Amino acid sequence: MISALRLISFNLIYTLKAPSTPLTSAKKFLSISTRSMAVRGTALCDYDAGKKNDDADLRQTGNDVNITSWVNPNDKSGEFKRGQSAFRNWISSKPGAQFPPEKDRYHLYVSYACPWAHRTLITRKLKGLEDIIPYTAVHWHMGEKGWRFVTPDENVPGENVTAEPLNGYSHLREIYFSVDPEYKGRFTVPTLYDKKTKQIVSNESSEIIRMFYHEFDGLLDDKYKSVDLLPAALEKDIDTANEWIYDTVNNGVYKCGFATTQEAYEKSITPLFSSLDRIEEHLAKTYSPSTPYYFGKDITEVDIRLFTTIIRFDPVYVQHFKTNIRDIRSGYPAIHRWLRHLYWDIPAFGETTQFEHIRKHYTKSHGQINPFAITPVGPLPDIMRKDEEVNALKK
């Protein structure tokens, strides 16, 4: 006798021989589901598709077996290894540039859930580019076709969470295929799109934010021209900090969460917390009311890149990615103070943070990690007020 088990929430169908007992049924169900979801589950925010299948029909219908995998099933290490961004063009104010700075020429596609896209929203606001570079935020859920746009009848929180405004596309992937019908990369956010040439300028967040620093200064007033997030005197120190923070913290949480072996998980969690300890020590030593940022009195790129991971740490990463040696609010007082100052006192940070998108995306899109899509209630609140402390820390 053959019984069909339909995993509707994951669009997967498996046919199993009828087990002899309910217990063996459950074991077989979980075993097959886990193995299959490791190949076909939902991917992370800026790595939301693997290489396309050569079959064009599969590509267009989103049934590519690799579209939502993040760990190579042939890699026995079980380690998550992030791919490279495919579009690395540059907006430049130099004469003759292919992509010159112009008002309303470029459109930014982001997800409020994604820490990499969050960088671009913070930078856009700090540099006063709101009227120069419009943006659209996708729905928080990512399925087998990747990021999708909301439909007109959906009410999702957050500014500019709207239907796709340029072509009425339903999914971000359609923008990529409009640029290159044979595209074989990933459909990621952030995506910076040129409306004039109908090309993707970049889908690399670290480069998009640096374009925003000064390439549009000719269109800005002096207030925003003077905002320097990569000052020459600190550039070497910023690059050095970015390198180890990216590897062990920004990407480190993903390496923990997407590990498929115990060894891969433990290999990543130790460097993650060693780096958090290092950041804690640095901020504890350098902090004063006049020097609240990572490099002192002014916000720099390091604050932006670090914030988007730390703001997600307690609400999502501690439980969902198993980064639970310590949380920020009770285990890292200097980081917690730095985080709350940015969130509550600097609008570019707090106003671009959408906790509902963050919580729901990870817990309801990552079927491999959370197959029943249950979103934990805590911790509460999402972020504590500046005058609050965790009960255990109160004197």
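Could you check Ala264 against (1) under 30 Å from Arg326 (Cβ atoms); (2) of a type in the set (A, V, I, L, M, F, W, C); (3) not in a helix (DSSP H, G or I) and say which number it fails?
Only one criterion in (1) under 30 Å from Arg326 (Cβ atoms); (2) of a type in the set (A, V, I, L, M, F, W, C); (3) not in a helix (DSSP H, G or I) is unmet by Ala264, namely (3).
From the set of residues in the stretch 77-106 that are charged (D, E, K, R) and at pLDDT below 95, which is nearest to the chain's Cα centre (by Cα)?
So, considering only residues that are charged (D, E, K, R) and at pLDDT below 95, the one nearest to the chain's Cα centre (by Cα) is Arg82.
Look at Arg340 and say whether it is closer than 17 Å to Val390 by Cβ, basic (Lys, Arg), at pLDDT 95 or above and in a helix (DSSP H, G or I).
Taking the combined requirement at face value, the residue satisfies it.
Is at least one residue of the stretch 175-184 touching a residue at least 24 places away in the same chain (Cβ under 8 Å), over 18 Å from Ala86 (Cα atoms) and surrounded by fewer than 21 Cβ atoms within 10 Å (Cβ to Cβ)?
no
Note down all Cβ pairs under 8 Å where the first residue falls in the stretch 227-238 and is within 14 Å of Arg305 (Cα to Cα), the second is outside any helix (DSSP H, G or I) and polar (S, T, N, Q), and they're at least six residues apart or on different chains.
Sorted first by the residue in the stretch 227-238, then by its partner, the pairs are Leu229/Thr300; Leu230/Thr300; Ile238/Thr300.
Any residue at all in the stretch 325-333 that's surrounded by 17 or more Cβ atoms within 10 Å (Cβ to Cβ), of a type in the set (Asp, Glu) and in a loop (DSSP other than H, G, I, E, B)?
Yes, some residue in the stretch 325-333 is surrounded by 17 or more Cβ atoms within 10 Å (Cβ to Cβ), of a type in the set (Asp, Glu) and in a loop (DSSP other than H, G, I, E, B).
Taking the stretch 89-138 as the region of interest, how many residues are among the aliphatic types (A, V, I, L, M), in a loop (DSSP other than H, G, I, E, B) and in contact (Cβ under 8 Å) with a residue 12 or more places away in the chain?
Final tally of qualifying residues: 5.
Could you give every pair whose Cβ atoms fall below 9 Å, whose first residue belongs to the stretch 152-169 and is touching a residue at least 60 places away in the same chain (Cβ under 8 Å) and at positive phi, and whose second residue is surrounded by 12 or more Cβ atoms within 10 Å (Cβ to Cβ) and of a type in the set (A, V, I, L, M, F, W, C), counting only separations of at least 6 or pairs across chains?
Gly158/Ala137; Gly158/Trp140
Look through Glu144, Glu130, Glu164 and report the one residue that is at pLDDT below 95 and either surrounded by fewer than 19 Cβ atoms within 10 Å (Cβ to Cβ) or touching a Ser or Thr at 6+ places or on another chain (Cβ under 9 Å) (or both).
Exactly one of Glu144, Glu130, Glu164 is at pLDDT below 95 and either surrounded by fewer than 19 Cβ atoms within 10 Å (Cβ to Cβ) or touching a Ser or Thr at 6+ places or on another chain (Cβ under 9 Å) (or both), namely Glu144.
One line per residue, one yes/no per condition, for (1) modelled with pLDDT of 95 or more; (2) not in a loop (DSSP other than H, G, I, E, B):
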position: Tyr176; (1), (2): yes, yes
position: Tyr183; (1), (2): no, no
position: Val189; (1), (2): yes, no
position: Leu192; (1), (2): yes, yes
position: Thr197; (1), (2): yes, no
position: Glu207; (1), (2): yes, yes
position: Tyr213; (1), (2): yes, yes
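Check whether at least one residue in the stretch 287-298 is part of a helix (DSSP H, G or I) and buried (at least 17 other Cβ atoms within 10 Å of the Cβ), and report yes or no.
No, the stretch 287-298 contains no residue that is part of a helix (DSSP H, G or I) and buried (at least 17 other Cβ atoms within 10 Å of the Cβ).
The values are calculated or read from the model by the stated rules, or taken from the named source; none is laboratory data. Quantities reported herein were computed from a predicted structural model and do not represent experimental measurements. All Cβ positions, even for glycine, are placed from backbone atoms using ideal geometry, and neighbour counts span all protein chains on display.
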